[in-house]
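A.B. asks: After the structure tokens below, expect a handful of questions from me.
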Ligand code: ADP
């Protein structure tokens, strides 16, 4: 029997309308580096997004599913693009402004972007690329920055504010199929070419609802969220859509992502929530340790994208800021797990749950697969590759304008689950603990050593600011861990034997203790601020590191 329910499509258009009407008074505040930040209400954003849609169609000829790219910081104009472009049936393509230029060009060409909306401050990145981007017909510039380099470029150039000024604030939004593409984001291509993940209206809608659930970020219109995670990194973890659904105020840092301005904006705007990768929180902690600021408004922070060291969580607990660990990927929209402990536990009992990656929401099914393809039990001990499926999990990668979508065997199982490439265990009550990425696991004498466990233990040492552990070739054992450490300012030299002893005392098995050590100035980071271990492996292989062997 079919249901008697209406079949109303789940679309970004609906999110736009809901936010601009029901939550019209909620605000997006963008940091400007000037005495006053820029403030705009959801109602105004809705009106401006509608003007943008009119401009894109009537002036720039976007009339179907053409890709409209953004090369922008987190700011209110970027939110307008987020809502307008999918709602008119086109596809928002967020570009990662930290990628090497050749990769950026590859991505724009692969996605066949027709228009790019760019922040003025990023023109020095875009303009030299334009001769290599034949599909780009229009460049739309927003915000401060020198325009002179644009003289003589081939695509037509528009000023965002002039382009949308005076356009109608109504639009005959098309009836969209909820399965249609709404937005796309390329993975940062840690291995091989970047891969395009294409989100549907339906996946964005359902994911936004999950983000808003109490068991996930649980925000309401009483909250203000500081969106540090870039809008080009998995749709800022879904926040721009989720906030429009629930009227959550947004605080956008624009290009002011250094620890000092972040601390300033938290102290003066008093957000209740924030979202970013661990590197950001490490930097902010060092900043407020040196120059104290009041972070206490920010009671609740979502931290993910890379493993959160427990020592970082403890340090923020002392500041009255609770870090909640989350796991996800570009392919999972990204919300995959969040580490809210189960009910009824004391603070001490909660701790072992908080340091896991968390548990899965109803929309994400998970299984662990062993090396022979067997499904492993959830017993907190059996380690395998995590596979997931659900309505906001990718089933393929974008195959290019003329190609079919791609389902590489190493990324998708035969029965359609996403192979995450992450290795871990799941407890009997459904909490995921990741021990490594499959490609970062250290295989020593047939046993696995978790690089993440060693890093977490090292980062708990009072002299260690950051630590990254990678596998290096070893004649006897196949592979052994190399520990690279960044010392805190003012730390008294390095005593590797003492660090090794510290690891042993914190419970690391003797055979897992690294014998190769190196102090480095900073851990190399990927374009989204994660430890870039392939760079460390390469530096080691090329003899660029000063390594001490104990
Ligand atoms: P990239 O693969 O280029 O880093 P993503 O942002 O999609 O791009 O990264 C997803 C990966 O990040 C996951 O597969 C996992 O390895 C890692 N990751 C994300 N969140 C966490 C977390 N909380 N703990 C450990 N690893 C994480």
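Read-outs: derived from the displayed coordinates by stated rules, not from any lab. None of the values given here were measured: they were computed from a predicted structure. As a convention, Cβ positions derive from the backbone with ideal geometry for all residues, glycine included, and neighbour counts pool all protein chains shown.
A.B. asks: For the Cα atoms of the chain, what angle does the longest principal axis make with the long axis of helix 42-58, in degrees from 0 to 90, nearest 10?
C.D. replies: The helix 42-58 is inclined about 70 degrees to the chain.
A.B. asks: Continuing with this model, one more query. What do you get when you divide the Cα radius of gyration of region 182-227 by 2.2 N^0.38 Å, with N the number of residues?
C.D. replies: 1.53
A.B. asks: Taking 8 Å as the Cα distance limit and 6 or more residues as the minimum spacing, I'd like the relative contact order of the chain as a percentage.
C.D. replies: 10
A.B. asks: Relative to a virtual label point 7 Å from the Cα of residue 157 in the Cα→beta-carbon direction, which members of region 63-85 show backbone nitrogen distances below 13 Å?
C.D. replies: The answer is none, because no backbone nitrogen lies closer than 13 Å to the label point.
A.B. asks: Compare the peptides 360-366, 537-543, 392-398, 402-408 by average per-residue count of other Cβ atoms within 10 angstrom and give them in order, highest first.
C.D. replies: 392-398, 360-366, 537-543, 402-408
A.B. asks: Would you mind telling me the antiparallel percentage of the DSSP bridges in the chain, rounded to 5?
C.D. replies: Beta bridges within the chain, antiparallel portion: roughly 55 percent.
A.B. asks: Of all DSSP beta bridges located in region 271-374, what percent are antiparallel, nearest 5?
C.D. replies: Percentage antiparallel, nearest 5: 30.
A.B. asks: On to the next question. Which percent of Cα pairs goes in each bin when the distances of the chain are cut into 20 angstrom slices starting at zero?
C.D. replies: 21, 55, 23, 1
A.B. asks: Next question, about the same structure. Report, to the nearest 10°, how far helix 12-22 tilts away from the longest principal axis of the Cα atoms in the chain, using its own Cα long axis and a range of 0 to 90°.
C.D. replies: Its long axis makes an angle of about 80 degrees.
A.B. asks: Compute the helix-to-body angle for 201-212: its Cα long axis versus the longest principal axis of the chain, expressed 0 to 90° and rounded to tens.
C.D. replies: With rounding to tens, the tilt is 60 degrees.
A.B. asks: Figure the gain on full extension for residue 43 and residue 129 (residue separation times 0.36 nm, minus the Cα-Cα span) and round it to one decimal in nm.
C.D. replies: Separation in residues times 0.36 nm, less the Cα-Cα distance, equals 27.4 nm.
A.B. asks: Applying a 10 Å radius around every beta-carbon, put 316-324, 334-342 in order of their mean neighbour count, most first.
C.D. replies: 334-342, 316-324
A.B. asks: Let me ask something additional. Taking every DSSP beta bridge that has both residues in region 78-219, what percent is antiparallel when rounded to the nearest 5?
C.D. replies: So the antiparallel bridges in region 78-219 amount to around 30 percent.
A.B. asks: Also: Kirkwood-based Rg over Rh for region 440-549 (C-alpha set), two decimals?
C.D. replies: 0.93
A.B. asks: Provide 379, 264 in ascending order of the number of other Cβ atoms located within 10 Å of each residue's Cβ, fewest first.
C.D. replies: Result, fewest neighbours first: 379, 264.
A.B. asks: Now for a separate question. Which FRET efficiency value, to the nearest 0.05, do you get for residue 322 and residue 362 by plugging their Cβ-Cβ distance into 1/(1 + (r/R0)^6) with R0 = 30 Å?
C.D. replies: E(calc), rounded to 0.05, equals 0.80.
A.B. asks: For region 440-549, what relative contact order do you get, as a whole percent, if you take Cα pairs closer than 8 Å and at least 6 residues apart?
C.D. replies: 24
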